[in-house]
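Let me begin by presenting the structure, written as structure tokens, before commenting on it.
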Amino acid sequence: MLAKRIIPCLDVKEGRNVRGVRFSADKDAGDPVELAARYDREGADELVFYDITASSDGRAIVMDLVREVSEKVFIPLTVGGGIRTFDDMRQILKGGADKVSVNSAAVTNPDIIRQGAESFGSQCIVGAVDVLRRPVADGEDPAWEVYINGGRKATGLDAVEWVRELVDRGAGELVLNSIDADGTKDGYDLALNHTVAAVVDVPIVASGGCGSAEHVYQVLTEGMASAALAASIFHYEEYSIPQVKRYLKDRGVPVREYEHDGGEWRST
Amino acid sequence: MIAVIDYGMGNLRSVEKAFQFLGFDAAIIDRPEQGEGATHLVLPGDAAFGDAMRNLVEEGWVDLILRAVEQGKPFLGICMGLQLMFDESEEGGKHRGLGMLPGKIVKFPVAERVPQIGWNQIAIKRSIEILDGIPEGSYFYFVHSYYVDADDEHRAATTEYGLEYTSIAARDNAFGVQFHPEKSQQIGLRLLRNFAHLS
């Protein structure tokens, strides 16, 4: 049976991992290479590297990290942050990332997702969407607006319409990041994940708001997400990945339990 | 030397790196002549079937691959590389494959999320050398929208995703895996090591 995925996210700024609270990077959470190695040993199902400086210097640093990590860590690696052009995308995939996560550029450069999917396949093009809840009257269904530029700029786009568009253009997976929930540790936006999962067929990765194993459980069941992305609960060792997976397994959620045996499977 | 075939399709470097990490001599080759002296051939790939097959034909890889398999040289198709081993695919119209194995490539039923992305288990149907030391029910990392509809004779392992499909195909010294062993942590490395030890 396909397992639900647990994906630690490393927000990288100037070569350090930092934690974000409502989209402002504030606190140093350690060396990303060491963190990546720890997550690999703990059985992370994938890793995401997010360049929060979103500049060409920032990307060069992230790509150096990805190359270093990919020498020893054999799980899928995704890179996001500051991708503006098709060429950026190509460099990231050639540089050793398995997937590239595109956010603002999908809005400002309408062809980038389609070009990427046609050239590299949908499986490596992740559509990332930052959304903020719209005020709605009591009793109305919730609604979300798409934001770009690290959550600073409103686009007027409705999130549900936008994710359909991203999938039509060729995104093979979606990351839904709730700006409202980001860094709060109050839990993922379950209605957001559930609503989007009902309108598209591609897998949904939930992001923003994770503060406990219970939150992960909620978004993978009620929220209908295929994977849960989390940062600070793992970085600061509030939870280990095996702890979260055990919690999920005990409640009937299929997960891949992993025991690193310490060996490296070398041939000699 | 383990030759990883570069025909312009996908992340090959991770396959090469995995073999090198295990201590084997592996290299990416981008011209068929470079494959003549190889002890093992690996055909990776992520892109659409039609484009992948066209590149194999236009760049002249087909003869090298079919001859190597005929001679019993160990061959491993990964993901699209597995699918290309079969007769035909219905991905984006009908396309002919390498025809090393009977069967065709069809789309997953709509009841499941497509593409299938993530870690899924294998059920072992036949004990083959590349599965040496790999337990029943092991998880591997999968990413695909189409699957192989193969006959039982060439099914070495199956996986469930809405239906039971072939996740490892085998015939003599030619193997195909639908998942990415180079992205499947220690269990994936174990499979690659088993393959590299074949002669």
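The values are calculated or read from the model by the stated rules, or taken from the named source; none is laboratory data. The shown structure was predicted, so the numbers you read here are calculated from the model rather than taken from an experiment. Note: ideal-geometry Cβ built from the backbone for every residue, glycine included; neighbour counts use all protein chains shown.
Summary of values
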read-out: Residue match in region B:86-93 (condition: farther than 18 Å from A:Val202 by Cα, buried (at least 16 other Cβ atoms within 10 Å of the Cβ) and of a type in the set (A, V, I, L, M, F, W, C)); value: yes
read-out: Considering residues of region A:162-175 that are farther than 12 Å from A:Val107 by Cβ and not β-branched (Val, Ile, Thr) only, the residue surrounded by the fewest Cβ atoms within 10 Å (Cβ to Cβ); value: A:Asp168
read-out: Matching residues, region B:154-179, being more than 17 Å from B:Pro102 (Cβ to Cβ), away from chain A (no Cβ under 14 Å) and of a type in the set (S, T, N, Q); value: B:Asn173
read-out: Selected residue (criterion: nearest to A:Ala171 (Cα to Cα)) from residues of region A:205-219 that are surrounded by 24 or more Cβ atoms within 10 Å (Cβ to Cβ) and out of contact with any Phe, Trp or Tyr (no Cβ under 6 Å at 6 or more places or on another chain); value: A:Val205
read-out: Residue satisfying condition, being more than 27 Å from A:Gly170 (Cα to Cα), part of a strand (DSSP E or B) and touching a residue at least 24 places away in the same chain (Cβ under 8 Å), within set B:Gly103, B:Gly133; value: B:Gly103
read-out: Condition check for A:Ala29: within 18 Å of the chain's Cα centre (by Cα), of a type in the set (Gly, Ala, Ser) and modelled with pLDDT of 85 or more; value: no
read-out: Yes/no for A:Leu132 being more than 14 Å from chain B (Cβ to nearest Cβ), of a type in the set (A, V, I, L, M) and out of contact with any Ser or Thr (no Cβ under 9 Å at 6 or more places or on another chain); value: no
read-out: Filtered residues of region B:188-199 (kept if part of a helix (DSSP H, G or I), within 9 Å of chain A (Cβ to nearest Cβ) and surrounded by fewer than 24 Cβ atoms within 10 Å (Cβ to Cβ)); value: B:Leu189, B:Arg190, B:Arg193, B:Ala196
read-out: All positions within region A:52-90 that are among the basic types (Lys, Arg) and within 14 Å of another protein chain (Cβ to nearest Cβ); value: A:Arg67, A:Lys72, A:Arg90
read-out: When residues of region A:120-129 are limited to those that are in contact with a Leu (Cβ under 9 Å, 6 or more places away or on another chain) and facing chain B (nearest Cβ under 8 Å), the one surrounded by the fewest Cβ atoms within 10 Å (Cβ to Cβ); value: A:Phe120
read-out: A:Asp138 vs. criteria on the phi < 0 side of the Ramachandran plot and surrounded by fewer than 18 Cβ atoms within 10 Å (Cβ to Cβ); value: yes
read-out: Evaluation of A:Asp261 against (1) modelled with pLDDT of 85 or more; (2) surrounded by fewer than 22 Cβ atoms within 10 Å (Cβ to Cβ); (3) within 20 Å of B:Trp119 (Cα to Cα) (one fails), failing number; value: (1)
read-out: Selection status of A:Glu173, within 13 Å of chain B (Cβ to nearest Cβ) and acidic (Asp, Glu); value: yes
read-out: Options A:Gly172, A:Gly121; residue that is over 24 Å from A:Gly187 (Cα atoms), at pLDDT 95 or above and small (Gly, Ala, Ser); value: A:Gly172
read-out: Odd one out for B:Val106 among (1) hydrophobic (A, V, I, L, M, F, W, C); (2) surrounded by fewer than 20 Cβ atoms within 10 Å (Cβ to Cβ); (3) in contact with a strand residue (DSSP E or B) (Cβ under 9 Å, 6 or more places away or on another chain); (4) within 14 Å of chain A (Cβ to nearest Cβ); value: (4)
read-out: Residue check, A:Lys245 within 14 Å of chain B (Cβ to nearest Cβ), touching a residue at least 24 places away in the same chain (Cβ under 8 Å) and of a type in the set (Lys, Arg); value: yes
read-out: Selection status of A:Leu132, in contact with a Cys (Cβ under 8 Å, 6 or more places away or on another chain) and not β-branched (Val, Ile, Thr); value: no
read-out: A:Ile112 being farther than 27 Å from B:Phe142 by Cα, hydrophobic (A, V, I, L, M, F, W, C) and at pLDDT 95 or above; value: no
read-out: Restricting region A:173-201 to residues that are touching a residue at least 60 places away in the same chain (Cβ under 8 Å) and of a type in the set (A, V, I, L, M), the residue that is farthest from A:Asp250 (Cα to Cα); value: A:Ile179
read-out: Enumeration of residues in region B:136-153 that are over 11 Å from B:Gln178 (Cβ atoms), within 13 Å of another protein chain (Cβ to nearest Cβ) and assigned to a strand (DSSP E or B); value: B:Tyr139
read-out: Condition met for A:Glu222 (under 27 Å from A:Phe74 (Cα atoms) and either surrounded by fewer than 20 Cβ atoms within 10 Å (Cβ to Cβ) or modelled with pLDDT under 95 (or both)); value: no
